[in-house]
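**Q** First, the structure itself, so that you have it in front of you.
The values are calculated or read from the model by the stated rules, or taken from the named source; none is laboratory data. Predicted model, so just to flag it, every value in this text is computed and none were measured. Here the Cβ positions follow ideal geometry from the backbone for every residue, glycine too, while neighbour counts run over all protein chains shown. The area values use the complete protein model at the heavy-atom level, side chains included, leaving out ligands, DNA and RNA. Shrake-Rupley method; radii C 1.70, N 1.55, O 1.52, S 1.80 Å.
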Amino acid sequence: MYRLFGVQDFANLAVHVALEEAGVPYEAVFLDADKGELRSTDHLARQPMGLVPALETPEGPVFETGACLLYLGERHGLAPAPGAAERGAFLSWFVFVNNGLHTAVMDLIHPYRVSEDHARIVAEAARARLLERMAALEAVAQTRPSWLSADRPGVLGIYISMLLRWMQAFPWAGDLAISAQDFPALLAIAQACEARPAAQRAGAANGLSGPFFSDPEV
Ligand SMILES: N[C@@H](CCC(=O)N[C@@H](CS)C(=O)NCC(=O)O)C(=O)O
């Protein structure tokens, strides 16, 4: 059985949706950062930086959002399996999202971590990078590959859906929010994802309801 360690509405949300889509037994454990539970010896053994998500698996702990999603995706039919013809394209865009999109969204919502004195400049630069990268991703989504389609759930669509939530709901300054409406194929994936019972169950466990990926409350 899996155990997912997270904080409500943090990056563990995407892994939570993937576990629900996989239909496998799991337990979600929510930690209290204010009580220091992310810095406990037990949690640092799972995630050495004291962050979430961390996933306990039969093979030991897995951490980093991307690693947790890839791990679940290839074991439970939510991504092309190793050896599949589409694996290379899927991996390329998955790493693009993990390395290029996720990190830029973090700079959009927490620019002061890069520079307290120049937070606005950092956030604006992150927004520009995001718009360029989202356009590239939108072009891929328009081709409807099996691994990034509104017609079937997959870990890449789940990951992008969570990042769409963040770039709309949590930018450092409201005028820097990025609208999902500008990326119709990605928007359709987020809408399809959040409409599925799996995402609704994971969302509820994280205190979320409604169109929490495609059109989150701000
Ligand atoms: N690269 C890591 C980043 C994880 C991360 O930054 N997690 C945040 C939540 S989204 C966290 O644990 N924050 C708790 C804290 O900073 O105390 C991953 O993708 O797992």
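**Q** Please state the relative contact order of region 87-196 as a whole percent: Cα pairs under 8 Å, 6+ residues apart?
**A** In percent, rounded to a whole number, it is 28.
**Q** Report the convex hull volume per residue for region 2-75, counting only C-alpha atoms, in Å³.
**A** Given the Cα convex hull of region 2-75, per-residue volume reads 76 Å³.
**Q** Based on the Cβ-Cβ distance from F30 to A84, what FRET efficiency comes out when R0 is 41 Å, to the nearest 0.05?
**A** 0.75
**Q** I need the shape label for region 45-142. Rule: rounded when a/c is under 1.5, else prolate if a/b > b/c, else oblate, with a, b, c from the alpha carbon gyration tensor.
**A** oblate
**Q** With a sphere of radius 14 Å drawn around the Cβ of Q168, what net charge do the other residues whose Cβ falls strictly inside it have (Lys, Arg +1; Asp, Glu -1)?
**A** Here the charged neighbours net out to -4.
**Q** Also, I was wondering about something else. Would you check the accessible area of W172, probe 1.4 Å, heavy atoms only, in square angstrom rounded to 10?
**A** Ignoring ligands and nucleic acids, W172 comes out at about 110 Å².
**Q** What net charge is computed for the residues neighbouring S146, neighbours being all others with C-beta under 11 Å from the C-beta of S146, Lys and Arg scored +1, Asp and Glu -1?
**A** Result for the local shell: 0.
**Q** Probe 1.4 Å, all protein chains in place: accessible area of Y112 in Å², nearest 10?
**A** So the heavy atoms of Y112 present about 100 Å² to solvent.
**Q** Computed from the mean reciprocal separation of all distinct C-alpha pairs, what Kirkwood hydrodynamic radius does the chain have, in Å?
**A** Averaging 1/r across every pair of different Cα atoms and inverting gives 17.5 Å.
**Q** Now, a different point. Can you pull the percent of the chain's accessible area that's carbon plus sulfur, 1.4 Å probe, other chains left in place?
**A** 53
**Q** Roughly how many Å² is the accessible area per residue of region 1-131, as a whole number, for a 1.4 Å probe?
**A** 48
**Q** Could you compute the net charge surrounding P216? Neighbours are other residues with a C-beta less than 12 Å from the C-beta of P216; K and R count +1, D and E count -1.
**A** With Lys, Arg at +1 and Asp, Glu at -1, the net is -3.
**Q** Sticking with this one: For Cα pairs less than 8 Å apart in space and 6+ apart in sequence, what is the mean separation divided by the residue count of region 2-75, i.e. the relative contact order in percent?
**A** 36
**Q** Here's a follow-up. Dipole magnitude of region 2-75 about its Cα centre, charges +1 at Lys/Arg Cβ and -1 at Asp/Glu Cβ only, in debye to the nearest 20?
**A** It works out to roughly 140 debye.
**Q** Taking only the Cα atoms of region 129-186, how large is their convex hull per residue, in Å³?
**A** Here the figure is 76 Å³ per residue.
**Q** Also, quick follow-up: Consider all pairwise Cα distances in region 87-196 and report the whole-number % of them above 24 Å.
**A** 22
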